[in-house]
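Take this structure, written in structure tokens, and hold onto it; I'll ask about it next.
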């Protein structure tokens, strides 16, 4: 009897991509790309903003352990000030996809603009609440950025970075006026720019 060659179907790898940190006055913009494993589903994936901090922390570890591949990337404050926040966000997303340990065949990107990628891609508005892989990317990007801003809180006490992650809260605006601008503040953003002019 003639033997048969058993060829497994070649997997089509889809990466979900999202970024966190466009709105803050301080800190980097952080992006993530995640290729989920269909054979190893993760329960409870949703838009990171709709989850509690505790739930995000738990999912962060689960996503990293169960996914086929993931990558967290960033664009620094200096890059944000140099090329603007939109371009820096796209740059961070591009770095996340290109940094994956396996090449994605296609990327599903949250939002309405696409970064430059070496694979085909599709922009999906509110993708973080529609596509599991984008939700996963939004969760690990947010947890990674929040952890970093908590570290910045120790480096620059008095600003409350651990509480607001650099967003323009009332407490942050008051600290900016009282304590001045730190090296992690985005100098091209209105409130920071005005504070620098007043100093």
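Taken together, the values in this text are just the output of simple stated rules run on the coordinates, not laboratory data. Values in this document were obtained by computation on a predicted structure and should not be read as measured data. So basically every Cβ, Gly included, is an ideal-geometry build from the backbone, and we count neighbours across all protein chains shown.
Among DSSP beta bridges whose residues both lie in the chain, state the antiparallel percentage, nearest 5.
If I count the DSSP bridges inside the chain, around 60 percent turn out antiparallel.
Let me ask something additional. Which residue fluctuates the most in the chain, going by a Gaussian network model with Cα springs under 10 Å, if the choices are 45, 36, 176?
176
Now for a separate question. Angle check, please: helix 132-155 long axis (alpha carbons) against the longest principal axis of the chain (alpha carbons), in degrees 0 to 90, nearest 10.
30
Provide, in order from the shortest bin, the percent of all Cα-Cα pairs of region 35-101 in each 5 Å bin, continuing until the bin that contains the maximum pair distance.
Pairs per bin, as whole percents: 3, 16, 19, 17, 20, 15, 7, 3, 0.
Percent relative contact order of region 14-194, based on C-alpha pairs within less than 8 angstrom and at least six residues apart?
The normalised contact order for region 14-194 reaches 32 percent.
Something else now. If you wrap region 51-149's Cα atoms in a convex hull and average its projection over all directions, what's the area in nm²?
Numbers: hull surface 25.8 nm².
Its Cα hull, projected and averaged over all orientations, spans 6.5 nm².
Which of 146, 37 comes first, and how do the rest follow, when ranked by fewest Cβ neighbours within 10 Å? Don't skip to the answer; put the middle values down first.
Details: 146 22, 37 12.
Least to most surrounded, the residues fall as 37, 146.
Further, regarding this structure: Considering only 100, 25, 155, give the residue with the highest GNM mean-square fluctuation for the chain, with springs between Cα atoms whenever their separation is below 10 Å.
Between 100, 25, 155, it is 155 that shows the largest mean-square fluctuation.
Next up: Quickly estimate the mean residue ellipticity at 222 nm for the chain, helices only: each DSSP H run with n ≥ 4 gives -39500 (n - 2.57), and the total goes over all residues, rounded to 500.
That comes out to -12500 deg cm²/dmol.
Same structure again: Once region 14-194 is represented by equal point scatterers at the alpha-carbon sites, with solvent omitted, what log10 I(q)/I(0) does the Debye formula produce at q = 0.09 Å⁻¹?
With no solvent term, the Cα-only Debye profile gives -0.31.
Calculate, in nm to one decimal, what residue 22 and residue 37 gain on full extension: separation in residues at 0.36 nm each, minus their alpha carbon distance. Don't jump to the answer; show the numbers that get you there.
Values: separation 15, 0.36 × 15 = 5.40 nm, distance 2.87 nm.
Full-extension gain reported as 2.5 nm.
Would you mind ranking 134, 139, 35, 85 by Cβ crowding within 10 Å, fewest neighbours first?
So the ranking, lowest neighbour count to highest, is 85, 35, 134, 139.
Compute the acute angle (0 to 90°) between the alpha-carbon long axis of helix 53-66 and the principal axis of greatest extent of the alpha-carbon atoms of the chain; round to the nearest 10°.
The helix 53-66 is inclined about 40 degrees to the chain.
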